[in-house]
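Each remark here refers to the structure printed beneath this line.
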Amino acid sequence: MFVDEVLIEVKGGDGGNGAVAFRREKFVPNGGPNGGDGGAGGDVILEADSNLSTLLDFQYQRRYEAPSGDNGTGRDMHGLNAKDLILKVPIGTVATDTTTGRVVADLTKHGVKAVVAQGGVGGRGNARFTSSTHQTPKFSENGEPGMLLSLKLELKLLADVGIIGFPNVGKSTLIAAVSAARPKIANYPFTTLVPNLGVVRVDHARTLVMADIPGLIEGASEGIGLGHQFLRHIERTRILVHVLDVSGTSGRDPLEDYATINKELAAYSKELSELPQIIALNKVDIGDPDMTALIREELEKEGKPIFVISAATHEGTQELVYACATMLLEIPRYVTPVDDEIVRITVDTMAQRRRDRRWDVVWSDEEGMFVVSGPGIERFVYMTNMDNEAAVTRLQRTLNRAGIVKKLRALNAKEGDTVRIGTIEFDYIDEDFEDEKGSGKEDDSDTEAELDEDE
């Protein structure tokens with residue numbers, strides 16, 4: 001089965017939790033904390049593989065989650081980083097974030113990889129929070145959640161030449177005549193249900209790739225028939241061979257067919273309508289030569305190269321191939337908009353969230369609670385162990401220092417009101433927390449506390 005578009009959900013692995021532990025060796029008084037950090041979660045990576053030709057595997061499994069990092073332990077032992085989850089896709093696959101519409105990966109070469117969902121960092125163990133004023137921290141961090149993304153995967157064939165035309169004009173016969181491809185061929189509409197690729201040898205040194213694009217009819221750009229499913233495959237071809245049936249056996253007017261197909265290309269994409277075209281008048285072996293001459297004379301007004309061929313008998317097909325090869329010499333190949341840049345944009349989404357200290361507080365009438373939003377504070381809450389009293393106290397100090405508690409007071413928050421940060425809900429307590437020394441300061445390494453109000 002040929003599948004060229006699927007929706008999937010990917011999630012990077014969660015980071016492992018940091019450990020709370022203290023040295024217990026005999027004859028080592030006041031040994032201090034030695035809890036290790038958690039390991040980083042694995043990334044979800046798409047890799048282009050030339051051995052694949054369909055997205056069928058993703059039809060049956062829609063969610064992919066990378067493994068989580070291991071938790072840290074005592075004796076300053078850090079958890080292992082998780083392995084990445086690599087999903088292999090056909091060359092020409094485009095991954096788009098369904099929420100933002102942003103392309104996060106465009107894989108056009110074998111072996112190219114793109115990180116589409118980054119794993120979370122491991123939480124810090126309590127050994128990380130020691131300072132001259134805070135020598136026995138009794139808290140650690142949970143691991144950071146991995147990135148969660150909904151993706152649309154689209155396969156766009158990479159071919160030098162796209163063969164277009166109405167059903168049953170001889171596209172499949174043409175690609176079978178000039179290449180080793182053996183598509184299903186029969187004398188009825190919509191014989192071809194999937195695009196066919198064929199490697200065409202021009203001479204001993206040159207080859208080109210042809211793609212038979214099936215199912216184009218009037219209204220294809222609006223979803224009529226099968227053509228709308230395959231128009232995307234023409235987008236990356238460099239030239240088009242427009243096949244017309246001039247045998248007179250189909251009952252259609254080749255000139256009307258020509259105009260209709262070009263109209264559908266223009267309706268779908270301006271770029272498609274501007275691709276160079278070669279016109280192939282097919283089935284001349286069973287057509288009226290005079291009628292063929294009239295059709296050719298009319299089409300010559302378009303100013304495009306015209307070849308009279310018979311795909312069934314191979315008449316004129318070699319000349320058509322040579323013309324395609326010559327035209328391709330002057331047209332650059334499709335180039336991905338900098339693969340490395342696309343990968344970097346994806347990864348930076350996670351890094352930017354870690355650095356973003358903006359926040360805001362609003363009252364939600366619908367939910368009857370105060371909602372605190374902001375990437376930095378939400379991440380801080382996710383990484384706080386709510387079962388650890390010292391960790392919760394640290395969170396309260398952070399909310400105080402960032403000005404969030406002050407903002408809640410300004411919004412007339414009362415004791416016991418519900419406050420939600422991210423997915424965590426808790427009761428509001430109007431109390432100023434300071435560190436154990438009462439200085440109001442925390443160790444300098446705790447940079448997560450530097451949160452700024454979103455003006």
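General observations
- Evaluated against (1) touching a Ser or Thr at 6+ places or on another chain (Cβ under 8 Å); (2) under 18 Å from Thr384 (Cβ atoms); (3) at pLDDT below 90, Gly92 falls short on exactly one condition, (2).
- A count restricted to segment 157-183 and to residues that are charged (D, E, K, R) and either surrounded by 21 or more Cβ atoms within 10 Å (Cβ to Cβ) or assigned to a helix (DSSP H, G or I) (or both) stands at 2.
- Within segment 290-305, tally of residues that are of a type in the set (A, V, I, L, M), in contact (Cβ under 8 Å) with a residue 24 or more places away in the chain and surrounded by fewer than 17 Cβ atoms within 10 Å (Cβ to Cβ): 1
- Residues being touching a residue at least 40 places away in the same chain (Cβ under 8 Å), of a type outside the set (Phe, Trp, Tyr) and over 13 Å from Gly165 (Cβ atoms) - total across segment 264-289: 6
- The residues of segment 240-259 that are buried (at least 18 other Cβ atoms within 10 Å of the Cβ) and either of a type in the set (Val, Ile, Thr) or closer than 22 Å to Leu328 by Cα (or both), listed by number, are Leu240, Val241, His242, Val243, Leu244, Val246.
- Filter result for Leu255 (among the aliphatic types (A, V, I, L, M) and modelled with pLDDT under 85): no
The values are calculated or read from the model by the stated rules, or taken from the named source; none is laboratory data. If you're wondering where the values come from, they're calculated on a predicted model, not measured in any experiment. Ideal geometry is used to build each Cβ from the backbone, glycine not excepted, and the neighbour counts take in all protein chains shown.
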